[in-house]
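Below you'll find the structure, written out as structure tokens, and then a few comments.
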Amino acid sequence: MQKKIILKSLTTLFLLIFVLFIVIFALEDTTEQYAQSLGIEKSAIKIISRLDRDNHFDELEKDFITWLASQDKESQFKLAFKYAFDGKITDEEIAELNLDSSKSSSPLASANAEWAEFIPGYCIQDIELDGDYLWLGTDEGLIKFSKNGKQPPIIFTKEDGLTGNDVQAIKIYDNEMWIGTADGGLSKFDGINFTNYSSNEGLFDCRVMALDVNEDYVWLGLTTGLSRFEKKSEKFKNYELPGGYVPSSGLGSSGSISKKEIRRVFADSILIEGKNIWYGAKDLYISDFELNHTKHCEWGIEIPDHRITDLDKNEKFIFVSTVGSRGGISLIDIKSEKAKLFHRSSGLIDSQVYALFSEGNFLWLATETTITKIDLKNYQFNHHHFPYDFKVDCILSLTVDQKYLWIGTVFGLYRLKKF
């Protein structure tokens with residue numbers, strides 16, 4: 001009798017444990033299920049599901065998904081891609097979102113009136129204005145983007161006749177669009193057809209990293225040197241040059257980089273000014289069109305240290321942006337070649353300047369933490385900080401129209417209302 005009572009008690013206890021296990025298991029949603037229950041946008045849920053790879057739904061993931069559900073639908077995919085694509089949510093990311101603050105959603109809410117985000121997932125390497133459109137150079141092709149959103153983006157790739165899909169540079173001149181790619185060469189686009197120029201037409205067999213155009217020539221900045229394309233004859237004149245920048249070696253010393261270094265980038269910024277060209281990656285040079293006379297600009301004299309990121313000009317100045325231990329900008333007087341230097345100790349909040357754009361009496365800069373506007377009449381600086389969720393360490397391009405700044409990054413296209 002006593003054995004039957006003990007057996008019955010054990011059976012009951014086992015059943016209770018089993019039921020409790022079922023209840024706990026039922027309550028243990030996956031991140032995907034939890035995101036679905038909160039009504040998160042479907043494409044964002046696909047990214048969130050990557051958090052389930054470790055089969056453990058923790059509090060950090062729950063806090064992130066709860067926060068994501070409070071954001072507008074258009075932003076959810078981009079935010080999920082930024083934070084959850086690697087399959088984990090870290091303490092640092094939660095701290096960045098400031099979820100413990102009663103104002104955790106206010107930075108994004110206030111930023112939405114000024115900021116907008118487009119084409120998440122595309123790496124925007126160059127931007128060219130064309131009336132109501134932007135032409136975007138990406139690592140997946142050339143994109144025609146309607147600024148007013150009335151038309152969906154149109155993507156052109158090799159299948160459409162483009163010479164390559166990795167578009168590094170775009171320039172429109174006299175109703176012709178010139179496109180430089182890192183995996184094909186040079187393309188000319190008349191709005192309907194592409195005309196391609198590669199090693200078969202005499203171009204160096206290397207990557208095109210930058211270009212500029214005038215009436216007679218297209219100048220190309222290459223990984224191995226420079227190339228000049230004469231429009232009339234459709235002939236290339238190539239210049240193989242030593243030096244440049246090797247990403248894996250840091251900022252390094254360009255003098256030790258030989259022509260045989262396959263990883264190097266000799267010039268990924270190039271600018272035509274009158275009868276001269278300005279170009280560089282690690283060092284800045286000025287040359288005539290035949291490269292018979294070349295000047296090497298000394299660091300700390302004409303331009304701040306170290307890595308050149310962008311070049312632009314107006315009627316008076318050549319503008320040079322750099323990143324590095326003493327990064328910043330340089331305003332080089334075209335006539336005298338004397339320079340004004342600006343870095344952290346002379347007006348900039350952040351001296352890591354990734355892109356710039358000259359607009360009349362103003363110079364716009366995209367730094368690691370801010371957009372900065374410089375009034376060139378009195379050198380007054382006006383700074384606008386990025387929203388907290390903006391991926392600011394991967395800015396690649398910047399352009400400005402009458403109303404907005406357009407900022408190209410590794411993660412997509414951003415728009416900021418002018419200030």
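Computed from the coordinates by the stated procedures, all read-outs in this text should not be read as laboratory data. Everything numeric here is computed off the predicted structure, so don't read it as measured data. For neighbour counting, all protein chains shown are included, and Cβ atoms are generated from backbone atoms with ideal geometry for every residue, glycine included.
Here are the numbers for this structure:
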read-out	value
Long-range amide H partners of Y245 with built H, under 5 Å	V265, F266, K282
Too-long pairs where the Cα-Cα distance tops 21 Å, listed order kept, from K295/K335; K171/K338; K313/K417	K171/K338; K313/K417
3J(HN,Hα) from dihedral phi, segment 185-193, Karplus parametrisation 6.51/-1.76/1.60, rounded to Hz, x for glycine, proline	x, 10, 10, 10, 10, 9, x, 10, 10
Positive-pole candidate from T369, L398, V320, dipole of segment 315-409, charges at beta carbon	V320
Radius of gyration and Dmax over the Cα atoms of segment 324-379, both given in Å	11.1, 33
Cα-based Rg / Dmax (Å) for segment 116-417	18.2, 51
Phi-based couplings in Hz for segment 128-143 (Karplus 6.51, -1.76, 1.60; Gly and Pro marked x)	10, 6, 8, x, 7, 10, 10, 9, 10, x, 10, 7, 10, x, 9, 10
Amide H within-cut-off set for T138, under 5 Å, with H built and near neighbours excluded	Q125, I143, V167
Average projected area [Cα convex hull, segment 333-419], square nanometres	6.1
Segment 115-152: chymotrypsin sites (Phe, Trp or Tyr not before Pro) in DSSP loop, at most 15 other beta carbons within 10 Å	none
